[in-house]
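Novice: Can you keep this structure in mind? I'll have questions shortly.
Coordinate-derived values only; no laboratory data. These numbers were taken from a predicted model, which means no experiment stands behind them. Heads up, the Cβs are rebuilt from the backbone with ideal geometry, glycines too, and the neighbour counts pull from every protein chain shown.
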Amino acid sequence: MEGPKVNSAFLKAFKKIACSVIIEHNASNKSSKPSQIIEYDSFKVKKILNLKSPFIYLTSQEKQRLLEKSTYIEYNLAQQDVLIKDSEDSYPCALVLEGELVVIDKKSQVSEILTNGDSFGFDACLFSMVDYSVITASQHSVVMKINRETLQSILIPDKQFTVMVGSNLLNKQRIFSPIETFRNYVADCVESGEINTKKILKAYKAIDSSLHPGRKSENLDTTAWKYAVQRLPENLCSTFVYFISTALPDMYDNPNIIIDVKTSARLRQIYCLLTGKNFIIMRELVSDINDLLANLCIHIIESKKLRAKLRAPSTLAKMLETKDISGLPLTSEEKSGLIKIWGDKVVEHIKNIMVHHEDYKISIFIPSCHLKLSPIEMWTERLWKGCLEALDMEISVVEAIDLGLIVDFMQGSTRSILNAVSPYLFQNARRITEWFERSGITLQTTDLHDSRDKLIAMSYYYFKQFPKEAEIRAQMDRESGIVTIEETHNTGVRVIIINISKLSQVTKAFNPKSKYHLLVYIGFTFGKQSYDLVKNINLLLGKSLVSYTVVGKAGGLIGYRNDILVATCFYDEVSKNVIRANPAGISQSLLQKETDAIVRIGPMLTVSGTILQNKKMLLYYRHIEGCIGLEMEGAYIALCIKHSIEAEIIREDVTTRFIYYVSDLPLSPDSTLASEDDNVNWNEGVKSINGIIRYVLGLINRNVVEDINSEIQVKLKALCKSQDRMVVIGTNTDGMSIMNHNSASKLAEDLLDAGFTVIYLVPEEGIKPFMRRISQAYINSSGFFPEAVALDLKKQTQYKDNNKLMIIDYSSQSDYINKLHCISQNAAAIESTIPFIFTDIISQTEILTNLNGSEVVSVKTHYETLKIDCPRSLLLFFRTDLDNGIINQRKLLSSNRFDYVFTRFKESNIVDIVWGAGKTSIMAYPSSDVIKYLLDIIS
């Protein structure tokens, strides 16, 4: 589809250089078609693709796809617009094959020439917007156009082609520069002490925030306006002076001098010093101040729109006379939106807006000397005092750690965790249910996945009716080891300390890891504040910390509202760093069962503010980096944990889980965070948050339900009860050669022949005992077998029928972990020693959780942290195809993780056997000698 022609006047207006580049076409080419689709020599295109970046990073199959799916356009005149939308109403990206094109920036008027092999339009194709024009500069040009669907099919995260496209968008085209400009200006203002509202407003407008889609419209965007007003001081429309600092001066700290000012949807500490002047205390000077100023920009823009609509002289007087806004020259949606923002005070606020004109003076003062304890220090002191209250002890942190203190850290909804652990609720479940059924009350939430969710919902009305019961509940919580700390010391973050060791005496749902096992649970933090708070927790509790879990809500870049997102890593939008998480073997299927929601696992984006994001940013991280969602704290927490590990403050094998439910879809204008109040119903979020917290508490307390079907569990339990000479063999094919996998199955066969019972854990397509001569796929498809294969299969069947061999398939790494965990728990009932032989462990790109539920390891670099939750287990590592230098044999024995290590490198005929007290070597062949040695150890 052709677009409008661009004349020479347009080019001269943007850049004189364009005229010197464009060659005037003569009369002879006037008869030619200006542009047409043509067939083009694929050999020439391949040659360019093989030589020009970013296409040189594509595979041959991907290049062939481009050749087949692309369109070749011939231009026979100069001054033709090349970058135009196609028949699918989207921009293509393009590669210049012949001729010259001129690119003209619409804002700066800077131009440049594109020639053979140059590509352009990746941003237009991905973001559906473009800030420059591309025009033919020669009489004849040929361009290869790649449509959006084809481009997205080859944009695979972490692949070289995708990385190069992303690098060009970031560094050459600087697609994030408006957001960076806003942040940099705010940082400069923090240093200078003054904020120019005109400059900050100009910087904000350039962002084109996805949360404020109606910014450019003449109509009021009351949805975004409401979002902003709820996060600004309630006296917003009658205040002119804002004084921002990090602490309230002692001279003002008097209730006779200051008056608290509320913000309904953001925990801010704001005081009115006198009419028209507010004092605002920032929790930190990055996320908090960016958020405040961005929300203020929305208010200023929408206020100006409102004044423009009500400029008639009599409009304001009539409204004040009638005290009604129904006569205002506004749409019905705008009127209802204003009422939603200000309720019954809407007339007063509109009057104030009409005369206020947002004449703000904003000053920032950061004292150069702070000798008193900071709010975070006081908050940390109170947290430790709460720990001592829960433990009912008076000791130091160091003494507590020496006594065996174990701490799991969680962040999320404080109300949800209390509902999940409070013994009162479940001890009085019958009484609460019977009262509710008699009350005639109808629950707002109808989609309750779990009976416990319904009990929690009913209890809300129960405690409202019987407030004394709420006091009894709080007392029972305290007596059961649950300490709630309401004082936040200006951080806005509540703390709940749960003594799991003490709580386990009241309810059997908890299984403490030590005599002193605590769950430190904090409320929601905000942006960079997360780093500072978690850092202080790490410094305080040190190596007693065994896990971190963050439960919150996020915006979804794929999927639907109410989906569950599990983060594998975080892309920090500010620093552009990637910080990895260790999700501790979370089972996607189990979490899905617990929450009754779709669970998605992948990278997450951490943004600097809910408003400081736009369509370009979201689409970039969705298509280039593969992010599944975005939030504001994950990268800060993950980075703090990383720094603490590197400084040896906390253990290096801590678990870090980040789980979110999707509350909004920022790429959909009707489902942004600003629209949450209008779109989200009572059924969204409740079961997700409750289900996530129950699931995580199960992980912390080792009560994870194994992801194994009941038939396998019954057989496994029966087998472990009936057999006393058992061996468990765990195999893995990822990164493992067929030779070593053959060795694993041969090992199983020899152990069976020696009289052992074997549980063989193997991938679904892996080689099983007595099947080394033929694949499972061949067995499933073929109607006949060689005689030797038939004998092998008959032998396998005999061992299975005699309950001597049990083969358990696994479909994924998390499935492997869950089934291994279940095997070890059932094997714990056997009185004799149970050897666990690993012919390989999970590959370096996967995470292996320790089977006590508290530790995690990337096993190619940390084999030694493997544990089997079986008291009489004997751990052996058996690998015969190692590349030299991959594994440190002694490291496998450290901390008594493995008892014996059998290794043979690829170029060697020697098997090295290492154990705690020594080392020996034997010939790899005949293999019967190796098996005999292994049997001697097992026996």
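Novice: What size of dipole, in debye to the nearest 20, comes out for segment 375-702 about its Cα centre when the only charges are +1 on Lys and Arg C-beta atoms and -1 on Asp and Glu C-beta atoms?
Specialist: 620 debye
Novice: Calculate the FRET efficiency for Val578 and Ala187 from the Cβ-Cβ distance with a Förster distance of 30 Å, rounded to the nearest 0.05.
Specialist: 0.85
Novice: Indicate the gyration tensor shape class of segment 545-616 (rounded, prolate or oblate), computed on the Cα atoms with a ≥ b ≥ c the square roots of the eigenvalues: a/c under 1.5 is rounded; otherwise a/b larger than b/c is prolate and the rest oblate.
Specialist: Oblate is the answer for segment 545-616, as a/c is 1.5 or above yet b/c matches or exceeds a/b.
Novice: Quote to one decimal, in nm, the extra length available between Lys85 and Asp724 on full extension: 0.36 nm per residue of separation minus the C-alpha distance between them.
Specialist: The span from Lys85 to Asp724 would gain 222.8 nm if fully extended.
Novice: Further, regarding this structure: Whole-Hz ³J(HN,Hα) for each residue in segment 798-803, computed from phi via Karplus 6.51 cos²θ - 1.76 cosθ + 1.60 with θ = phi - 60°, x for glycine and proline: what do you get?
Specialist: Couplings: 4, 5, 5, 5, 8, 6 Hz.
Novice: Past 20 Å, Cα to Cα, is the threshold; run Lys226/Lys361; Lys309/Lys361; Lys202/Lys361 against it and keep the listed order.
Specialist: Lys226/Lys361; Lys309/Lys361
Novice: Further question: Stretched out fully, how many nm does the piece from Ser264 to Val110 gain, at 0.36 nm a residue minus the Cα gap?
Specialist: Fully extending the segment from Ser264 to Val110 adds 50.7 nm.
Novice: Among Ser413, Phe436, Leu330, whose Cα lies farthest out toward the positive end of the dipole of segment 316-448, if unit charges sit on the beta carbon of Lys, Arg (+1) and Asp, Glu (-1)?
Specialist: So the residue furthest toward the plus end is Leu330.
Novice: I need to check one value: relative contact order of segment 375-702, counting alpha carbon pairs closer than 8 Å and at least 6 residues apart, in percent.
Specialist: Working: 582 pairs, mean separation 76.8, N = 328.
Relative contact order for segment 375-702 comes out at 23 percent.
Novice: Could you give the length gained on full extension between Asn352 and Asp41, defined as 0.36 nm per residue of separation minus the Cα-Cα distance, in nm? Intermediate results must be reported in sequence, preceding the final value.
Specialist: Details: separation 311, 0.36 × 311 = 111.96 nm, distance 6.93 nm.
Length difference between fully extended and current span is 105.0 nm.
Novice: Follow-up question, since we're still on this one. Given a Förster distance of 56 Å, report the FRET efficiency between Glu437 and Val398 from their Cβ-Cβ distance, rounded to the nearest 0.05.
Specialist: With a Förster radius of 56 Å, E is 0.60.
Novice: Binned at 10 Å from 0, what are the whole-percent values of the Cα-Cα distance distribution for segment 380-485, short to long?
Specialist: The distribution over segment 380-485 is 12, 38, 27, 16, 7, 1, given as percents.
Novice: Provide the FRET efficiency to the nearest 0.05 for the Thr197-Ser245 pair, computing r from the beta carbons and using R0 = 22 Å.
Specialist: 0.70
Novice: On a C-alpha basis, how far is the centre of segment 603-641 from the centre of segment 351-403 in Å? Whole number, if you could?
Specialist: Each part's Cα centre sits 27 Å from the other's.
Novice: Further question: Under 16 Å from the 7 Å Cα→Cβ point of Leu67, by amide nitrogen: which residues of segment 112-126?
Specialist: none
Novice: Right, another one. If you project the alpha carbons of segment 32-154 onto the principal axes, what extent comes out on each, in Å, largest first?
Specialist: 38, 33, 27
Novice: Still on this structure: Given the Cα atoms of segment 375-702, and with Rh set as the inverse mean 1/r over their pairs in the Kirkwood sense, what is Rg to Rh to two decimals?
Specialist: We get a ratio of 0.96 for segment 375-702.
Novice: Kindly provide the trypsin sites (Lys or Arg not before Pro) of segment 453-526 that DSSP labels as loop, not H, G, I, E or B, and whose Cβ sees at most 14 other Cβ atoms within 10 Å.
Specialist: Lys508, Lys515
Novice: In segment 469-517, which GluC sites (Glu not before Pro) are in a loop and have at most 12 other Cβ atoms within 10 Å, using DSSP for the loop call? It would help to have the intermediate numbers written out before the result.
Specialist: On the way: sites: Glu469, Glu471, Glu479, Glu486, Glu487; in loops: Glu486, Glu487.
Sites meeting the loop and neighbour criteria: Glu486, Glu487.
Novice: Would you calculate the volume per residue, in Å³, of the smallest convex hull containing every Cα atom of segment 616-655?
Specialist: 94 Å³
Novice: Would you calculate the separation in nanometres between label points at Tyr560 and Asp670, each defined as 7 Å from the Cα along the Cα-to-beta-carbon direction?
Specialist: 1.5 nm
Novice: Which trypsin sites (Lys or Arg not before Pro) from segment 154-193 combine a DSSP loop assignment with at most 14 other Cβ atoms within 10 Å?
Specialist: The qualifying sites are Arg174.
Novice: Between Ser326 and Lys468, what is the spin-label point distance in nm, taking each point 7 Å from the Cα along the Cα→C-beta axis?
Specialist: With each label placed 7 Å out from Cα toward Cβ, I get 4.8 nm.
Novice: Compute the distance from the alpha-carbon center of segment 315-349 to that of segment 483-505, in whole Å.
Specialist: Using only Cα atoms to place each centre, the spacing works out to 45 Å.
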